[in-house]
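Down below is the structure, laid out as structure tokens.
The values are calculated or read from the model by the stated rules, or taken from the named source; none is laboratory data. Fair warning: this is a prediction, and the values are worked out from it, not measured in the lab. Virtual Cβ from ideal backbone geometry, glycine too; neighbours counted across all protein chains shown.
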Amino acid sequence: MLKAKAPVSKATIRRIPLYYRAVQQLQQQGISRIRSDKLSEIVHIPSATIRRDFSSFGEMGKSGYGYSVGTLVDAFGKLLEVHTRESIILVGVGGLGAALMQNNFRRNPDLNITMAFDSDPAKLGVVADIPVYAFETLATHLEPGMHTAILAVPSASQPAVVHALEDAGIDAILTFAPKPVACKPETTIRYIDLTSELQSLLFTAHQKTRH
């Protein structure tokens, strides 16, 4: 497996899926190698940043040659463990949660929402062929090996939900409620703040129009 030479920054980790998606598309187009400046045009990340990110994992390219697309696909695929099937639970079957269930990672069949939970009795049943259970029955429905959850719940509900997930053995959580929660040391949690992401996008776009 591809291993980092030193601890990898969170920013680099967030960019790895973008690189992987881009080189997959290049491979499908029959392109065998790519230079950092050309990859930069595709992923909209500065070429210097790309070279620095890639160097975190050793010598992945050659000066004047660029990078082997096949090598990058294989290396980042292993790093992301894309061939390891991951069964995911979702908590919160509102508008966002239901949309996630309808999509259910169609572009990556190894990621799969297999069950969902909600505290509203009106939302229990089946959505997009995925069963929705009462949240209080969480522990009775989890299957062995499940350790990943996506949260689409209000910020006010997040602390109680996270602690219940931890008690049930879930230790990898992606949440759309941006307010940080005190977690167990072994729990890995990622926050997606859509408002901040949009503001950052607009700021970057406005900066470009001013130059």
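Checking each residue in region 72-84 for being over 17 Å from residue 42 (Cβ atoms) and modelled with pLDDT of 85 or more picks out 74, 75.
Among the residues of region 164-171, is there at least one that is in contact with an Asp or Glu (Cβ under 7 Å, 6 or more places away or on another chain) and among the aliphatic types (A, V, I, L, M)? No; the residues of region 164-171 include none that is in contact with an Asp or Glu (Cβ under 7 Å, 6 or more places away or on another chain) and among the aliphatic types (A, V, I, L, M).
Which condition does residue 13 not pass, out of (1) at pLDDT 85 or above; (2) assigned to a helix (DSSP H, G or I), if it passes all the others? Unmet condition: (1).
Applying the selection to region 134-161, what residues are among the β-branched types (Val, Ile, Thr) and either closer than 19 Å to residue 86 by Cα or surrounded by fewer than 20 Cβ atoms within 10 Å (Cβ to Cβ) (or both)?
Matches in region 134-161: 137, 140, 148, 150.
Residue pairs whose Cβ atoms lie under 6 Å apart, sitting 6 or more positions apart in sequence or on different chains, and linking a residue in region 5-27 that is free of Cβ contacts under 8 Å to residues at least 12 places away in the same chain to a partner that is part of a helix (DSSP H, G or I) and surrounded by fewer than 17 Cβ atoms within 10 Å (Cβ to Cβ), do not occur here. Selection of first residues in region 198-211 that are outside the structural domain of residue 178 (by TED's automatic domain parsing) and charged (D, E, K, R) and of second residues that are loosely packed, with under 10 Cβ neighbours inside 10 Å and at pLDDT below 75, restricted to Cβ pairs under 8 Å at least 6 apart or on distinct chains, gives an empty result.
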